[in-house]
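The structure appears right after this line, and notes come after that.
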Amino acid sequence: MKFKTTLLIAAIAFACGSANAVTLRVANQGDVQSMDPQSLNESLQLSFMSSVYESLVGRGKDMSIVPLLATQWTQTSPTVWRFDLRHGVKFQDGTPFTADDVVFSFKRATDAGSDMKGYVAPIKEVRKVNDYTVDIETLAPFPILPDTLTVFGIMSKKWCEDNKAEKPVDRRKGIENTASFKANGTGPFRLKERQPSVRTVLVRNFNYWGKNESNIDEIVFTPIGNDATRVAALISGEIDVMEPVPLQDVERVKATPGYTVLQGPELRTIFLGMDQKRDELLYSNVKGKNPFKDVRVRRAFYQAIDIEAIKTRVMRGAATPTALMVAPAVRGFQPDMNKRLPYDPEASKKLLAEAGYPNGFEVGMNCPNDRYVNDAAICQAIAANLARVGVKINLTAETKNSYFPKILRRDTSFYLLGWTPSTADSHDALYNLMATPTDKGQGQYNLGAYSNPKLDELTAKIQTETDAKKRNEMIREAFKIHQDDIGHIPLHQQALAWGYNKKVSLVQLPTNYMVFKWMTVKSGDAAR
């Protein structure tokens with residue numbers, strides 16, 4: 001009864017103050033795909049849901065690791081970490097948070113439909129010590145375990161069982177359950193309304209265990225795919241914050257009284273992947289063999305891409321071309337290796353001819369049109385570049401609602417993707433993007449199934465190595481193997497651009513996470 005009474009008091013207080021309630025209206029070019037925190041390992045999804053579901057540890061404003069549902073953690077042996085859990089935390093339905101929820105959540109993440117398997121693959125077992133203590137045992141020493149846990153939302157065991165949501169929503173198969181549309185976390189905000197592709201509404205969790213620095217009572221999130229419409233909504237006052245600001249409109253928004261743009265570097269790398277596993281590509285006019293199995297073809301594609309033209313014309317300078325699959329701020333980045341192969345169409349033609357394709361060939365390409373900055377335009381530019389060397393690209397640019405399920409099924413021959421290492425460590429990219437795919441989560445986003453046993457061996461060693469110098473040397477060796485193989489074609493790191501009303505105060509992280517509990521609106525300015 002105590003909890004019900006508290007809820008009633010909170011409801012009355014909110015109703016009495018509703019005339020002065022502060023609403024923050026946020027728009028993005030795409031929608032959050034599901035309310036299930038384990039359904040899709042995608043930055044917008046993880047960022048939005050982190051205000052509802054919390055992890056054991058999180059990131060501070062300076063990207064340092066901070067306590068959340070765990071108050072402290074220690075290594076009791078090289079492979080065992082003990083986490084002390086926070087007392088007095090309740091899920092938003094009033095159910096107490098305990099070790100049972102942690103054990104359940106980690107087990108749930110190992111399900112075939114989970115998109116978070118890569119984060120739990122190094123874990124052998126999660127054991128309950130008592131109601132407020134768990135031991136996490138890894139298969140081998142894993143020094144960056146806390147970094148890995150920063151994006152892993154904890155769910156209520158009881159709620160999932162009561163709502164038949166014991167397994168994650170499987171985006172690849174289009175399988176939905178209660179967790180697709182409803183949520184029950186421990187975070188500073190709770191889900192009030194979910195209308196996929198229309199709007200999602202969060203409201204303040206008055207029973208939040210921690211400090212919510214925000215004065216916001218309600219957050220209305222709206223996907224607005226059209227760039228011009230999104231900008232018009234911002235400068236007309238219909239929305240308060242938008243992301244991303246189209247590159248061509250950055251100066252316009254800055255010049256509008258009362259509005260500005262916050263720009264900064266992002267950890268995300270945009271790259272191209274190629275199906276290197278199938279004996280015959282799904283979408284190509286080449287029959288009986290797979291051109292992408294030939295490194296000469298992969299190199300030809302690389303050298304056909306005019307990355308400087310993409311930087312200046314498509315990205316309007318808001319991109320940093322890269323030869324590596326990680327950004328400079330990621331641990332393990334190798335500055336002296338960040339030298340791209342030269343743009344050389346003639347060399348590309350020669351390589352194609354040597355590989356047996358003197359007249360080029362046709363291949364399908366998959367690309368989102370509402371996920372990354374100017375993603376469809378980048379793909380169009382790449383298609384034009386490749387046409388000059390005889391390769392005809394049959395481009396499919398589509399909303400991420402259909403794009404992600406398709407490529408996650410590996411129903412693709414050639415694709416564009418972006419990746420932000422959530423651990424801010426190179427092992428994340430090596431393990432998820434470059435290592436050979438397994439059913440345990442390794443290579444889960446290596447959608448073209450690039451494979452090199454030596455790189456796999458190094459990735460495993462990097463995961464367990466505690467000596468920083470040795471670890472960096474192994475990362476360097478692994479990157480060299482991947483570069484020589486042209487395992488993927490890295491393009492650039494895009495820049496962040498958030499447009500907002502100056503009455504809003506916010507914090508921009510290089511992960512592109514928009515943390516609502518750190519956002520405030522000047523009193524009375526956005527009360528609606």
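Only one of Leu267, Leu262, Leu247, Leu234 is buried (at least 20 other Cβ atoms within 10 Å of the Cβ), more than 30 Å from Gly356 (Cα to Cα) and out of contact with any helix residue (DSSP H, G or I) (no Cβ under 9 Å at 6 or more places or on another chain); which?
On the way: Leu262 fails: buried (at least 20 other Cβ atoms within 10 Å of the Cβ); Leu247 fails: out of contact with any helix residue (DSSP H, G or I) (no Cβ under 9 Å at 6 or more places or on another chain); Leu234 fails: out of contact with any helix residue (DSSP H, G or I) (no Cβ under 9 Å at 6 or more places or on another chain).
Going through Leu267, Leu262, Leu247, Leu234 in turn, just one is buried (at least 20 other Cβ atoms within 10 Å of the Cβ), more than 30 Å from Gly356 (Cα to Cα) and out of contact with any helix residue (DSSP H, G or I) (no Cβ under 9 Å at 6 or more places or on another chain): Leu267.
If we keep just the residues of region 351-373 that are touching a helix residue (DSSP H, G or I) at 6+ places or on another chain (Cβ under 8 Å) and over 30 Å from Ser402 (Cα atoms), which is surrounded by the fewest Cβ atoms within 10 Å (Cβ to Cβ)? Steps first, answer last, please.
From region 351-373, those touching a helix residue (DSSP H, G or I) at 6+ places or on another chain (Cβ under 8 Å) are 351-352, 354-355, 357-358, 360-361, 363, 365-373; that's our starting set.
With the extra rule that they be over 30 Å from Ser402 (Cα atoms), the set shrinks to 351-352, 354-355, 357-358.
Working: Leu351: 23, Leu352: 25, Glu354: 13, Ala355: 18, Tyr357: 20, Pro358: 11.
Step by step, filter region 351-373, then rank; the result is Pro358.
Out of the residues in region 469-528 meeting the condition of being without any contact (Cβ under 8 Å) to a residue 40 or more places away in the chain and under 26 Å from Ala255 (Cβ atoms), tell me which one is most open to solvent (accessible area, probe 1.4 Å).
Ranking the candidates gives Lys522 first.
Being under 18 Å from Leu46 (Cα atoms) and surrounded by 20 or more Cβ atoms within 10 Å (Cβ to Cβ) is the filter here; which residues of region 171-190 pass it?
Arg171, Ala179, Ala183, Asn184, Gly185, Thr186, Gly187, Pro188, Phe189, Arg190 - these are the residues of region 171-190 that are under 18 Å from Leu46 (Cα atoms) and surrounded by 20 or more Cβ atoms within 10 Å (Cβ to Cβ).
Quick check on my filter: what residues within region 89-104 are out of contact with any strand residue (DSSP E or B) (no Cβ under 8 Å at 6 or more places or on another chain) and part of a loop (DSSP other than H, G, I, E, B)?
Those that are out of contact with any strand residue (DSSP E or B) (no Cβ under 8 Å at 6 or more places or on another chain) and part of a loop (DSSP other than H, G, I, E, B): Phe91, Asp93, Gly94, Thr95.
Can you report the number of residues in region 353-390 which are within 30 Å of Leu46 (Cα to Cα) and among the charged types (D, E, K, R)?
Residues that pass the stated criteria total 3.
I'd like the full set of residues that are within 21 Å of Thr399 (Cβ to Cβ) and either of a type in the set (Asp, Glu) or open to solvent by less than 70 Å² (accessible area, probe 1.4 Å) (or both), limited to region 198-211.
Once the filter is applied, which keeps residues that are within 21 Å of Thr399 (Cβ to Cβ) and either of a type in the set (Asp, Glu) or open to solvent by less than 70 Å² (accessible area, probe 1.4 Å) (or both), region 198-211 yields only Thr200.
Would you confirm, using the coordinates I've provided, whether Ala112 is loosely packed, with under 15 Cβ neighbours inside 10 Å and under 26 Å from the mean Cα position of the chain (by Cα)?
Yes: the conditions hold for Ala112.
Within region 398-431, track down each residue that is assigned to a strand (DSSP E or B) and buried (at least 18 other Cβ atoms within 10 Å of the Cβ).
Phe414, Tyr415, Leu416, Leu417, Gly418, Trp419, Asp425
In this structure, is Ala232 in a loop (DSSP other than H, G, I, E, B) and over 26 Å from Phe91 (Cα atoms)?
Criteria not met by Ala232.
What about Lys158, is it open to solvent by 70 Å² or more (accessible area, probe 1.4 Å), touching a Ser or Thr at 6+ places or on another chain (Cβ under 8 Å) and part of a helix (DSSP H, G or I)?
Numbers: open to solvent by 70 Å² or more (accessible area, probe 1.4 Å): yes; touching a Ser or Thr at 6+ places or on another chain (Cβ under 8 Å): yes; part of a helix (DSSP H, G or I): yes.
Judged against the criteria, Lys158 is a match.
The values are calculated or read from the model by the stated rules, or taken from the named source; none is laboratory data. These figures come from a predicted structure and were not determined experimentally. Backbone-built Cβ (ideal geometry, glycine too); neighbour counts: all protein chains shown. Note: areas computed on protein heavy atoms with side chains; ligands, DNA, RNA excluded. Shrake-Rupley method; radii C 1.70, N 1.55, O 1.52, S 1.80 Å.
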